[in-house]
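Written below as structure tokens is the structure these notes are about.
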Amino acid sequence: MDKKDMKKSGKEDLKVWYLYGLFVIAALVVLCRIVYIQCFFRNSDPNLKYYTATSRKMELEPARGSIISSDGRLLAVSTPMYKIYMDCTVRKVEFKDDKEGEEKWRGKARELSKGLAAIFGKKSADGWYNDIIAGRKKGSKYMLVGGPIDNETMLKVKALPLFSEGANKGGIIVERVDTRLYPYGSLARSTIGYVRDNHDSKGLIFKGIEGAYDHHLHGQEGYKWMKRTDGKRIQDKDSTWANAKDGLDVKTTLSVDVQDIADRALRGQIADNEKIEGGCVIVMDVKTGAIRAMVNLLRDSTTSRLGESMNMAIMRAGEPGSVFKTAILTSLLEDGKVKLSDEIPTEHGVVKGFKPDQHIVDYERATGKKTMSVLHGYEISSNYIFRKLAVDHYGSNPKKLLDNLYLYRLGEAFDFDLEGLARPQLPPSDTKKWSATDLGSVAIGYSVSETPLHIVTFYNAIANKGKMMRPYLVEGLESNGITRIKKGPSVLNGSICSRAVADSVAKGLMAITEEGTAARRLKDAKCKVAGKTGTARIVLDRRYAKVGANPYEDIYGRRQYQATFVGFFPAENPQYSVIVTAYSKLSREIFYGGTIPAMVCREIVDELYALDSGYGEKYDTKGPMPDLSGDAPRTAKNGKVPGLKGMGLMDAIYAIENDGYKCQYSGCGHVVSQSPEAGASLASGGTVTIRLD
């Protein structure tokens with residue numbers, strides 16, 4: 001390239017740089033102008049507000065989700081309600097110099113007053129009219145008329161004279177208020193929870209499902225920008241907006257029918273007994289752990305009325321008493337320490353570290369016997385028998401018993417759908433700190449602390465052949481009937497004990513309701529019930545207990561009791577587990593689990609039996625019935641296999657295990673065949689196989 005071309009090229013490059021520089025300067029000017037307008041510019045034109053539309057951000061509230069029963073009935077639902085206000089000064093200026101117009105307005109106000117008196121009934125028509133005129137004189141622009149009212153009532157109010165002319169001429173002001181309704185009133189309220197509306201999430205009176213699932217029920221707020229034009233506000237489409245997302249519906253496991261039955265049963269037994277502070281009931285589905293009813297009735301200290309003000313079923317932990325003996329028996333059977341048929345020396349009711357049990361002394365005197373079977377001790381809920389069994393078999397290794405109790409989930413607050421589940425307490429795992437009487441105390445349900453939910457969960461596992469299900473209240477979260485989040489059943493422990501042990505414990509529980517401490521109330525129930533009674537003293541508040549003395553007794557010798565019945569039904573094929581716990585006030589009277597709690601359970605059983613036609617099914621009339629005669633041998637001696645034909649499953653397992661054998665079975669109904677045959681020789685520990693039909 002010659003010098004001329006190079007010179008020309010240099011000039012062109014320089015021009016390009018000049019243009020580049022100009023563009024950079026222009027860009028900087030524009031950028032600075034934008035920053036100035038956005039951050040610093042203020043228009044001084046006083047008329048700007050008259051021709052520039054102003055925008056205002058409006059929050060869009062979501063609709064709160066509903067809480068639904070297992071069969072689709074609404075337990076809690078949000079609905080629009082309305083408050084009515086009145087601008088009493090409407091058209092006052094217009095009629096300032098128009099007496100005729102003012103008189104006509106007042107005439108309409110008098111007709112309006114008659115309608116308000118008919119609809120709201122708070123005061124007479126003259127009272128309403130006087131308030132309106134007084135408000136007009138005072139300049140009241142926002143006088144409350146009434147509400148919240150439903151849409152139908154609101155339309156009636158808007159159709160009244162004067163109000164029918166609208167806000168500008170009639171002065172009516174309608175304010176929408178989303179209100180939470182509970183169609184079944186106080187039924188299951190401490191479980192469902194309570195909230196006034198979707199804006200009131202922080203003001204929950206009862207937590208319940210409303211509180212635990214508030215995030216899902218509440219939904220997500222939206223927003224839009226509104227601008228004023230021609231005296232009205234419309235959405236500013238030039239601005240961003242986001243629609244509100246309505247809350248999800250919570251589908252629960254609760255059955256309105258079962259809840260109502262349990263509520264009426266408990267209420268009927270304790271309402272008129274002023275010595276009862278309150279009580280709770282849980283009804284649970286055996287196979288799944290679904291809670292069909294959770295009742296909590298606590299007496300108001302002022303009015304004495306029973307109400308759902310506290311969820312005692314999950315929040316109130318205490319010493320359970322004799323219902324805890326079933327856990328001890330399960331541990332003994334599973335560890336091979338005893339059989340139900342074992343005879344235990346009575347020894348005048350003496351266990352080291354405890355006072356002699358007078359009941360055992362009376363038993364020895366009445367029967368002339370010096371032994372008592374484990375089964376009979378369980379039937380009559382003998383403290384002596386269970387203290388002795390615990391001390392004899394776990395005295396050298398109490399940690400083994402404690403490990404089993406933890407296996408039964410009686411020492412932890414497992415995951416539950418509601419907040420506030422109290423943590424149960426077991427003695428310290430360091431058994432070096434155990435006193436000589438700790439084992440004997442734990443054996444009868446003292447020195448431990450359990451909630452009713454923990455106790456019924458354990459019994460439900462016995463009914464479910466050792467499989468422990470997690471109790472739950474929520475099936476899933478739905479939107480427009482479509483499941484968005486599925487919950488449902490889950491397992492806490494696949495096997496707390498063998499099926500044979502579970503059947504043996506169930507056998508003992510049936511004996512309690514047939515011949516033992518619950519027989520008087522439950523023996524003639526419409527279907528067979530298996531269950532256990534329990535009576536426990538309650539540790540008193542330090543303000544009331546004797547100083548340095550008995551923590552269960554006040555200075556007047558009064559005590560409080562926790563009385564419980566827990567079990568399952570129908571006993572042969574369990575469908576429901578149930579626990580009923582009643583709490584007494586300070587009294588010299590003893591309240592037993594075999595009284596009020598057992599009677600409540602009896603009513604629940606009988607009504608559910610009538611409600612569920614499936615319980616009424618009998619054996620198929622077609623086909624041969626098994627031999628149920630009493631001639632077949634029931635027991636065996638000297639290593640001989642017992643005769644089992646015609647027995648039900650639990651009776652057969654009981655006979656097999658009591659003779660030291662193991663059982664395998666198939667089918668359902670009654671035993672139609674067995675191997676080895678009745679009377680055959682079989683060494684201890686051998687297996688007997690049975691088939692049922």
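The values are calculated or read from the model by the stated rules, or taken from the named source; none is laboratory data. What you see is a predicted model; the values in this text were computed from it and never measured. Note: ideal-geometry Cβ built from the backbone for every residue, glycine included; neighbour counts use all protein chains shown. Note: areas computed on protein heavy atoms with side chains; ligands, DNA, RNA excluded. Shrake-Rupley method; radii C 1.70, N 1.55, O 1.52, S 1.80 Å.
Taking residues in region 183-200 that are at positive phi, and partners anywhere that are modelled with pLDDT under 85 and open to solvent by less than 30 Å² (accessible area, probe 1.4 Å), not one pair has Cβ atoms closer than 7 Å while being at least 6 places apart or on different chains.
Got at least one residue in region 327-337 being among the polar types (S, T, N, Q) and at pLDDT 95 or above? Yes, region 327-337 has at least one match.
Quick one: would you say Ala366 is closer than 30 Å to Asp541 by Cα and either of a type in the set (A, V, I, L, M) or touching a Cys at 6+ places or on another chain (Cβ under 6 Å) (or both)? Taking the combined requirement at face value, the residue does not satisfy it. For region 411-459, the candidate set comprises residues that are in contact with a Phe, Trp or Tyr (Cβ under 6 Å, 6 or more places away or on another chain) and part of a loop (DSSP other than H, G, I, E, B); within that set, the residue that is farthest from Pro356 (Cα to Cα) is Asp417. Scan region 269-288 for residues that are among the small types (Gly, Ala, Ser) and either touching a helix residue (DSSP H, G or I) at 6+ places or on another chain (Cβ under 7 Å) or part of a strand (DSSP E or B) (or both) and the total you get is 2.
The residue that is nearest to the chain's Cα centre (by Cα), among those in region 343-372 that are in a loop (DSSP other than H, G, I, E, B) and β-branched (Val, Ile, Thr), is Val351.
For region 496-513, name all the residues that are open to solvent by less than 50 Å² (accessible area, probe 1.4 Å) and either without any contact (Cβ under 8 Å) to a residue 12 or more places away in the chain or over 30 Å from Tyr592 (Cα atoms) (or both). Scanning region 496-513 gives Ser498, Ala500.
If you go through region 359-370 one residue at a time, do you hit one that is under 24 Å from Ser447 (Cα atoms) and not aliphatic (A, V, I, L, M)? Within region 359-370, one or more residues are under 24 Å from Ser447 (Cα atoms) and not aliphatic (A, V, I, L, M). Of all residues in region 591-604, those being aliphatic (A, V, I, L, M) and touching a Gly at 6+ places or on another chain (Cβ under 6 Å) number 0. The set of residues in region 286-305 that are open to solvent by 30 Å² or more (accessible area, probe 1.4 Å) and in contact (Cβ under 8 Å) with a residue 12 or more places away in the chain comprises Lys287, Thr288, Arg292, Leu298, Ser304. Given the criteria outside any loop (DSSP other than H, G, I, E, B) and modelled with pLDDT of 95 or more, does Leu401 qualify? Criteria not met by Leu401.
Could you please find all residues in region 58-71 being open to solvent by 50 Å² or more (accessible area, probe 1.4 Å) and closer than 22 Å to Arg292 by Cβ? Scanning region 58-71 gives a single hit, Asp71. Checking the condition surrounded by fewer than 22 Cβ atoms within 10 Å (Cβ to Cβ), modelled with pLDDT under 95 and of a type in the set (Gly, Ala, Ser), which residue from Ser381, Ser309 passes? Unique residue meeting the criteria: Ser309. Each residue in region 456-468 was checked for being touching a strand residue (DSSP E or B) at 6+ places or on another chain (Cβ under 8 Å) and open to solvent by less than 10 Å² (accessible area, probe 1.4 Å), and 9 of them qualify.
Identify the residue in region 165-180 that is open to solvent by less than 70 Å² (accessible area, probe 1.4 Å) and in a strand (DSSP E or B) and, among all such residues, is farthest from Thr153 (Cα to Cα). Ranking the qualifying residues of region 165-180, first place goes to Arg180. One residue alone among Arg558, Arg588 is surrounded by fewer than 24 Cβ atoms within 10 Å (Cβ to Cβ), charged (D, E, K, R), in contact with a Gly (Cβ under 9 Å, 6 or more places away or on another chain) and over 15 Å from Val529 (Cβ atoms), and that residue is Arg588. Within region 478-495, the residues that satisfy the criterion of being open to solvent by less than 50 Å² (accessible area, probe 1.4 Å) and closer than 15 Å to Ile462 by Cβ are Leu492, Asn493. Among the residues making up region 146-164, those that are open to solvent by less than 60 Å² (accessible area, probe 1.4 Å), among the aliphatic types (A, V, I, L, M) and assigned to a helix (DSSP H, G or I) are Met154, Val157.
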